[in-house]
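The values are calculated or read from the model by the stated rules, or taken from the named source; none is laboratory data. Since this is a predicted model, take the numbers as computed values, not measurements. Virtual Cβ from ideal backbone geometry, glycine too; neighbours counted across all protein chains shown. The protein model used for the area step is the full one, side chains on, heavy atoms only, and it has no ligands, DNA or RNA in it. Shrake-Rupley method; radii C 1.70, N 1.55, O 1.52, S 1.80 Å.
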Number of protein chains: 2
Amino acid sequence: MISKTQIKYLLKLRQKKYRKLHGEFLIEGKKIVQDALHSSFEIKTIWTTPENLTLFEPYSNNILLEEITQQQAEQLSTLKSPEGVFALIKIPSNEIKITEGPVLLLDFIQDPGNLGTIIRTADWFGFKAVICSNNTVDVFNPKTIQAAKGSIFHIPVVYDELLTWMNKHNNFDFFATTLSGKDIKTIDFDVNKTAIVIGNEANGISKEVLNYSDKKITILKKGQAESLNAAIATSICCFCVNG
Amino acid sequence: MISKTQIKYLLKLRQKKYRKLHGEFLIEGKKIVQDALHSSFEIKTIWTTPENLTLFEPYSNNILLEEITQQQAEQLSTLKSPEGVFALIKIPSNEIKITEGPVLLLDFIQDPGNLGTIIRTADWFGFKAVICSNNTVDVFNPKTIQAAKGSIFHIPVVYDELLTWMNKHNNFDFFATTLSGKDIKTIDFDVNKTAIVIGNEANGISKEVLNYSDKKITILKKGQAESLNAAIATSICCFCVNG
């Protein structure tokens with residue numbers, strides 16, 4: 001059962017300010033709810049339409065499991081074909097100690113889909129964390145969660161001022177991706193100490209972060225495109241570092 | 001000047017069936033219209049709000065240049081912040097002869113954003129063409145054009161039955177991307193003969209196309225993500241072949 005007031009509340013969680021205020025976010029889909037169940041995240045409630053109820057009954061001793069109607073599922077969903085499964089999750093602490101690389105540093109990634117794809121790719125290549133500048137889009141944005149395909153439950157995502165983070169972790173080698181650096185193919189990465197810095201989709205890395213970085217690296221162009229998509233550039237860096 | 005009927009017509013071109021019927025598509029944005037002007041595509045009309053008029057006046061001898069209001073621009077736009085520049089373009093012939101690699105073969109890519117990002121990346125890495133299965137999403141979908149950032153004017157995109165195309169071009173080496181092939185890092189690509197086959201986002205490469213391919217290749221996983229996004233996997237292949 002779910003009340004109208006509850007539905008209203010869950011819909012509000014699509015906005016960052018309400019997620020911050022209440023310290024909770026909503027996820028949607030069978031697979032990702034299962035990923036959450038196998039993670040260290042605290043699940044507060046699972047809502048499901050009747051046909052998926054048996055799938056989640058084994059967890060009902062520890063987690064509140066509630067039935068919803070197809071119509072309510074459609075109201076809650078951000079997808080074209082809702083699966084009828086939702087979970088309300090507590091936003092974990094941002095205080096995660098990162099001692100080892102490889103890691104990604106994201107300097108003002110704006111597009112929620114890009115952020116999700118970057119997290120999924122960093123997870124695939126076994127990166128230890130994704131460090132986001134405070135002005136990077138929120139990891140609990142529904143589009144980011146969707147694009148990350150469960151990887152937000154596999155790899156820590158931390159928000160900080162990048163310069164502060166870099167200062168505190170100066171044992172890392174910081175590689176800034178730019179249009180005029182050293183060919184990435186010629187770099188011999190010391191994987192456990194590697195931090196790749198990715199800049200904003202339109203404007204690249206901010207000046208201060210660029211200046212603090214140890215080396216500039218570049219993915220060489222052979223054709224005519226003006227630039228690479230930020231998630232694409234990131235994935236090629238991840239592959240070069242730990243592929 | 002633009003009439004209500006013309007606006008209605010241009011809005012219809014967002015749908016594939018009308019683009020096919022009339023053999024035309026609409027693009028939007030200063031940069032991409034300039035890319036089109038420097039391509040072999042036939043531009044039928046450019047519409048612009050007054051503030052961008054001088055930018056396109058040098059072309060007004062050969063191309064119909066029309067002024068529109070801010071309000072009309074907003075009506076026509078698919079973007080949050082319209083730049084007020086549009087061009088109507090003739091869909092070129094699909095009969096393009098491809099004699100040399102590297103090329104990409106896309107087997108049922110469904111997401112328009114993925115297709116655009118793939119075309120942009122293939123362009124960056126100097127690929128000679130993108131061959132799409134007939135059931136792949138339309139290259140002239142507004143979201144595809146947007147994600148491709150002008151690259152649809154740099155690199156030929158051809159639609160065909162993939163098996164037919166492979167049969168006609170059997171001098172190519174066809175590398176199928178799968179989850180259980182040879183590590184892509186160990187492959188020594190003969191660049192001019194290389195064709196990389198990319199499968200559907202959810203189901204991978206179709207059985208017939210997979211069987212016809214010469215080799216299966218894989219991007220090895222180091223972490224926990226279940227899969228890579230199709231555009232990400234493609235970009236890493238492009239980088240390995242011609243990066």
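Remarks
- Summed residue charge, Cβ within 12 Å of B:Lys182's Cβ, Lys/Arg positive, Asp/Glu negative: 0
- Across chain B, the relative contact order, built from alpha-carbon pairs under 8 Å that are at least six residues apart, equals 19 percent.
- Backbone geometry of the range B:226-243 corresponds, through the Karplus equation with coefficients 6.51, -1.76 and 1.60 at θ = phi - 60°, to 3J(HN,Hα) couplings of 6, 7, 9, 4, 4, 5, 5, 4, 4, 5, 5, 4, 4, 4, 5, 6, 9, x Hz, x marking Gly and Pro.
- For A:Asn134, label point 7 Å along C-beta direction: distances to other copies, nm: 5.7
- Of A:His154, B:His169, the residue with the largest accessible area leads and the full order is A:His154, B:His169 (1.4 Å probe).
- Calculated diffusion of the range A:4-90, Stokes-Einstein form, Kirkwood radius summed over Cα pairs, 20 °C and 1.002 mPa s, µm²/s: 164 µm²/s
- Each copy carries A:Asn94; placing its label point 7 Å along the C-beta direction from Cα gives inter-copy distances of 5.1 nm, listed from smallest up.
- Measuring spread by the Cα atoms of the range B:183-243 yields a radius of gyration and Dmax of 11.9, 35 Å.
- Most mobile listed residue (B:Thr144, B:Thr218, B:Thr186) in chain B, GNM with C-alpha springs under 10 Å: B:Thr186
- Pairs of Cα atoms farther than 28 Å apart, the protein assembly as shown, %: 58 percent
- Rg and Dmax of the range B:53-202, based on Cα coordinates, read 18.4, 57 Å.
- Accessible carbon and sulfur surface of chain B relative to its total accessible area, %, 1.4 Å: 48 percent
- Under a 5 Å amide H cut-off, with hydrogens placed 1.01 Å from N, A:Lys182 pairs with A:Lys216, A:Ile217, A:Thr218 among residues at least 5 apart or on other chains.
- Heavy-atom accessible area per residue - the range B:103-242, 1.4 Å, Å²: 38 Å²
- Size of electric dipole in chain B: Cβ of Lys, Arg +1 and of Asp, Glu -1, about Cα centre, debye, nearest 20: 400 debye
- This model, with +1 at the C-beta of Lys and Arg and -1 at the C-beta of Asp and Glu, gives the range B:103-242 a dipole about its Cα centre of some 320 debye.
- Comment: the Cα-to-Cβ extended label point of B:Gln71, at 7 Å, lies 3.9 nm from its counterparts in the other copies, nearest first.
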